[in-house]
Amino acid sequence: MDCSNLVVQSQQGDPEAYEALIREYQNMIHALCYRMTGTREDADDLAQETFISAFERLGTFRGEAQFSSWLYRIAVNRCLNWRKEKERRERLHRDWSNEETWDTSSGQIRRAELIQDALLKLPEKQRAAVILTTYEGLSHGEAAKALGCSETTVSWRVFAARRKLKRLLKELLQNEHK
């Protein structure tokens with residue numbers, strides 16, 4: 001389908017035209033995201049993020065490629081970034097929790113709960129630095145802008161927070177096994 005009129009209308013600020021584009025492409029984008037992630041919940045989130053991102057970037061679409069190709073590229077990049085962030089979070093959770101000390105029967109859910117408990121015990125500024133860099137995927141420079149401090153300060157907060165997280169998780173594990 002040629003949606004070039006809808007694209008132009010959307011670029012001119014017509015929200016109904018953008019809704020029509022979403023209706024036209026939502027199944028295509030959702031199917032792609034599902035194939036990339038393997039779960040419906042993640043596909044739902046990533047498809048929504050794709051359309052939000054496309055809306056924010058609509059002014060950059062010049063029509064050199066088909067709108068569907070442009071939208072596919074945004075979706076694929078969202079999925080690839082999601083995969084990297086997921087792998088990084090899982091790796092950090094393992095690192096912070098000294099995986100070899102975990103009772104494997106407790107499972108991933110208990111591990112996530114303990115990590116969340118430990119995160120909540122960090123000083124607020126350290127917790128914010130860790131969440132922005134580790135969970136949200138911001139660089140230290142981007143996190144510094146968001147927190148209103150220097151990049152060096154963010155680096156030190158993350159360094160200190162990781163040391164505290166290891167200690168807190170060790171304590172939480174010891175208390176759990178008593």
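Brief remarks follow.
- Net +/- balance of residues flanking Q116 in space, Cβ distance below 13 Å, scoring K and R +1, D and E -1: +3
- For the chain, averaging the sequence separation of C-alpha pairs within contact (under 8 Å, six or more residues apart) and dividing by the residue count gives a relative contact order of 17 percent.
- Share of carbon and sulfur in the accessible heavy-atom surface of the chain [1.4 Å probe, %]: 47 percent
- Structure note, pairs K125/K166; K121/K170; K84/K121: Cα-Cα distances above 21 angstrom occur for K84/K121.
- For the pair R94 and K125 in one chain, pulling the backbone fully straight at 0.36 nm per residue adds 8.9 nm over the alpha carbon distance.
- Using C-alpha pairs below 8 Å separated by at least 6 residues, the relative contact order for the stretch 11-67 is 30 percent.
- Surface exposure of the chain, expressed per residue as accessible area with a 1.4 Å probe, stands at 63 Å².
- A straight Cα-to-Cα reach below 17 Å connects K145 with the aspartates and glutamates E124, E136, residues fewer than 8 places away in its own chain not being considered.
The values are calculated or read from the model by the stated rules, or taken from the named source; none is laboratory data. Keep in mind that what you see is a predicted model, and the values were worked out from it rather than measured. Note that we place each Cβ from the backbone using ideal geometry, even for glycine, and neighbour counts take in every protein chain shown. All accessible areas refer to the heavy atoms of the entire protein, side chains included, with ligands and DNA or RNA removed. Shrake-Rupley method; radii C 1.70, N 1.55, O 1.52, S 1.80 Å.
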